[in-house]
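Engineer: My structure is below; once you've seen it, I'll send some questions.
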Amino acid sequence: MFKRVLIANRGEIAVRIIRACKELGIETVAVYSEADRGALHTKLADKAVCIGPPSPSRSYLHIPSIIAVAQMTGAEAIHPGYGFLAENPYFAEMCATAGITFIGPSPRAMQLMGAKAQARAAVMAAGVPVVPGSEGVVKGVEEALAVAREIGYPVLVKASAGGGGRGLRLVHSAKELRQALQSAQREAEAAFGDSQVYLEKYIEEPRHVEFQILGDREGNIIHLGERDCSIQRRNQKLLEEAPCPALTPELREEMGQAALKAARAVGYYSAGTVEFLVDKYGRYYFIEMNTRIQVEHPVTEMVTGIDLVQEQIKIAAGMPLSLNQEDVVIRGHAMECRINAEDPKHDFRPCPGKVTRFHLPGGFGIRVDTALYNGMEITPHYDSLIAKVIAWAPDREMVINRMRSALEEMEIEGVTTTISFHKQILDNAFFRRGEVYTNFVQRRLQVS
Ligand code: ADP
């Protein structure tokens, strides 16, 4: 096992990883930007080193500084968390060159899944259903028009290097397609430095259902069931739950096997997530694979009892998986609410500021993953997630009640948050019946 690990991240996920390291008897090195002086992760780690100014490109994304700190402090491995450098194959390669273990999959698997147009082709060849669409990247307008004619409008233009719901364009007609293609390419170039786009049929009112994968370096690979992440706003997840209320045991089994095929197609190891859309008729389609630990991983931990971050670290250290597929048992129901410093009444605009006072909920079945502390300044430099409230209960109805009561207890003063918005979701009768799909928030909620 590693003696010392560097955490190349901040906020709640840095704290989450430090805790996992401590439990495994590993020393931790935190890095932080000038905006995060005094942040919780710097206090909990054994050592903390400032790596630059607030701007991510000069701190949390600055590869030379992070590798230099790892070498200077004798860290043998780096955990990238999510966001920042987590899905950057170049960073993983730089770590290897410096003799440091990257806690994640191989650079090759990251690269293959990171190019989404190519990933579609790779998993399709492995027998996994993908959303009908272009075979790979679309090169020009004529090709796009031909593909769209074949699959039928509406279609989505998607950036091959895309992520976080950015660079998606919904197109209703051939007339619109011409222009959408160009503007999507421009936007993708600006956001990801890669203008490649591909086409997918627009699936109506789908659920977003994703499978958690865990694989070791010896080729053992299992899935830990699914999460339903249909509650989204602008293609970004807000609330997630496990298991998905709509899956039959047969469909779960089939999709789990499909997820494993997709992961095997790129020789995947470490923790990863295979994402699908499921339509009204129970047909499922691969959309992408995320090659990192995800924000919503705790809901899977709550229903399986498996610590995903500890597993990631053990796999990176070369240990084989400690469990088989048969050992994975889904118990009860779990849900996560992402609490953001945003104003739901004003189009979810970010609300930076100082947290003057807060009270976190607790009790049986409640877990809060956060890096909040008194007097914390929420800066505009980073994303607005400030806490994740996770609830577990024997069934879905009880987990909703438990979450509702936890959010009632929770108080955050000084900044506006999305707590009230989550309460509205939990009170919605359609949500309570489990009737959710990715445009639920748009269709079923009036933000008040
Ligand atoms: P990103 O990597 O930017 O998150 P994804 O491909 O994972 O992009 O898609 C994000 C979300 O966009 C999905 O959860 C879903 O809500 C919506 N979406 C993506 N592809 C389609 C599609 N073909 N039809 C309908 N909705 C889609």
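Engineer: Find which of ILE287, SER55, GLY225 sits farthest along the positive direction of the dipole of the chain, computed with +1 on the beta-carbon of Lys and Arg, -1 on that of Asp and Glu, about the Cα centre.
Structural biologist: Most positive-ward Cα: SER55.
Engineer: Let me ask something else about it. Using heavy-atom solvent-accessible surface (probe 1.4 Å) with all chains present, what is the largest-first order of TYR60, TYR281?
Structural biologist: Listed by decreasing accessible area, they come as TYR281, TYR60.
Engineer: I would also like to ask the following. So if I place +1 on the C-beta of Lys and Arg and -1 on the C-beta of Asp and Glu, and nothing else carries charge, what would the dipole magnitude of the stretch 331-431 be about its Cα centre? I want it in debye, nearest 20.
Structural biologist: 160 debye
Engineer: Two-decimal Rg/Rh of the stretch 4-103 from alpha-carbon positions, Kirkwood Rh?
Structural biologist: Using only Cα positions, Rg/Rh for the stretch 4-103 is 0.92.
Engineer: Same structure, new question: For PRO380, what charge total do you get from the other residues with a beta carbon under 15 Å from its beta carbon, if Lys and Arg give +1 and Asp and Glu give -1?
Structural biologist: Result for the neighbourhood of PRO380: -3.
Engineer: Which number gives the lysine pairs in the stretch 207-444 that have C-alpha atoms under 30 Å apart and are eight or more places apart or on different chains?
Structural biologist: 18
Engineer: Still on this structure, please answer the following. So what's the Cα pair-distance distribution over the stretch 207-444, bin width 10 Å, in %?
Structural biologist: 7, 32, 35, 21, 6, 0
Engineer: With a cut-off of at most 16 other beta carbons within 10 Å, and DSSP calling the residue loop, which trypsin sites (Lys or Arg not before Pro) in the stretch 123-204 qualify? Please list them.
Structural biologist: LYS139, ARG166
Engineer: Name the residues of the stretch 203-221 whose amide N is less than 19 Å from a point 7 angstrom out from the Cα of GLU326 along the C-beta direction?
Structural biologist: 220-221
Engineer: Let me ask something additional. Run the reach check for LYS158 against lysines, Cα to Cα strictly under 17 Å, same-chain hits fewer than 8 apart removed. What comes back?
Structural biologist: Within the straight-line limit of under 17 Å, LYS158 reaches these lysines: LYS116, LYS139, LYS201.
Engineer: With contacts defined as alpha carbon pairs under 8 Å and 6 or more residues apart, what's the relative contact order of the stretch 132-201 in percent?
Structural biologist: Result for the stretch 132-201 is 44 percent.
Engineer: Could you name the lysines whose alpha carbon sits less than 18 Å from that of LYS43, not counting residues in the same chain fewer than 8 places away?
Structural biologist: Correct list for LYS43: LYS22.
Engineer: If you average the sequence gap of Cα pairs under 8 Å that are 6 or more apart and divide by the length of the stretch 82-180, what percent do you get for the contact order?
Structural biologist: Relative contact order, the stretch 82-180: 19 percent.
Engineer: Can I ask one more? Using heavy-atom solvent-accessible surface (probe 1.4 Å) with all chains present, what is the largest-first order of ASP279, ASP194?
Structural biologist: ASP194, ASP279
Engineer: To continue, here is another question. Considering only protein heavy atoms, what per residue accessible area in square angstrom results for the chain with a 1.4 angstrom probe?
Structural biologist: 41 Å²
Engineer: For the chain, which whole-number percentage of the solvent-accessible area (1.4 Å probe, protein heavy atoms only) is attributable to carbon and sulfur atoms?
Structural biologist: 49 percent
Engineer: Right, something else. Tell me which trypsin sites (Lys or Arg not before Pro) from the stretch 1-52 have a DSSP coil assignment and no more than 12 other beta carbons within 10 Å of their own.
Structural biologist: The qualifying sites are LYS3, ARG37.
Engineer: Within the stretch 198-264, list the chymotrypsin sites (Phe, Trp or Tyr not before Pro) lying in a DSSP loop whose Cβ has at most 14 other Cβ atoms in a 10 Å radius.
Structural biologist: Of the chymotrypsin sites (Phe, Trp or Tyr not before Pro), not one in the loops of the stretch 198-264 has a Cβ with at most 14 other Cβ atoms within 10 Å.
Engineer: Now, a different point. Treating only the Cβ of Lys, Arg, Asp and Glu as charged (+1, +1, -1, -1), what charge dipole size does the stretch 168-221 show about its Cα centre? Round to the nearest 20 debye.
Structural biologist: The calculated dipole for the stretch 168-221 is roughly 320 debye.
Engineer: Also: Helix-derived [θ] at 222 nm for the chain: sum -39500 (n - 2.57) over DSSP H runs of at least 4, divide by residue count, nearest 500?
Structural biologist: Result for the chain, helices only: -10000 deg cm²/dmol.
Engineer: Using the Cβ atoms and a cut-off under 15 Å, what net charge is assigned to the surroundings of ALA86, where Lys and Arg are +1 and Asp and Glu are -1?
Structural biologist: Counting the neighbours of ALA86, the net charge comes to -3.
Engineer: Dipole of the chain, Cα-centred, from +1 at each Lys and Arg C-beta and -1 at each Asp and Glu C-beta, to the nearest 20 debye?
Structural biologist: The calculated dipole for the chain is roughly 620 debye.
Engineer: Could you tell me the center-to-center distance, by alpha carbons, between the stretch 286-323 and the stretch 130-181 in angstrom?
Structural biologist: Result: 33 Å between the Cα centres.
Engineer: State, as an integer percentage, the relative contact order of the chain based on alpha-carbon contacts under 8 Å between residues 6 or more apart.
Structural biologist: Computed over the chain, the figure is 14 percent.
The values are calculated or read from the model by the stated rules, or taken from the named source; none is laboratory data. Quick caveat, the model's predicted, so the values are computed rather than measured. As a convention, Cβ positions derive from the backbone with ideal geometry for all residues, glycine included, and neighbour counts pool all protein chains shown. Keep in mind that these areas ignore ligands, DNA and RNA; they rest on the heavy atoms of the full protein, side chains included. Shrake-Rupley method; radii C 1.70, N 1.55, O 1.52, S 1.80 Å.
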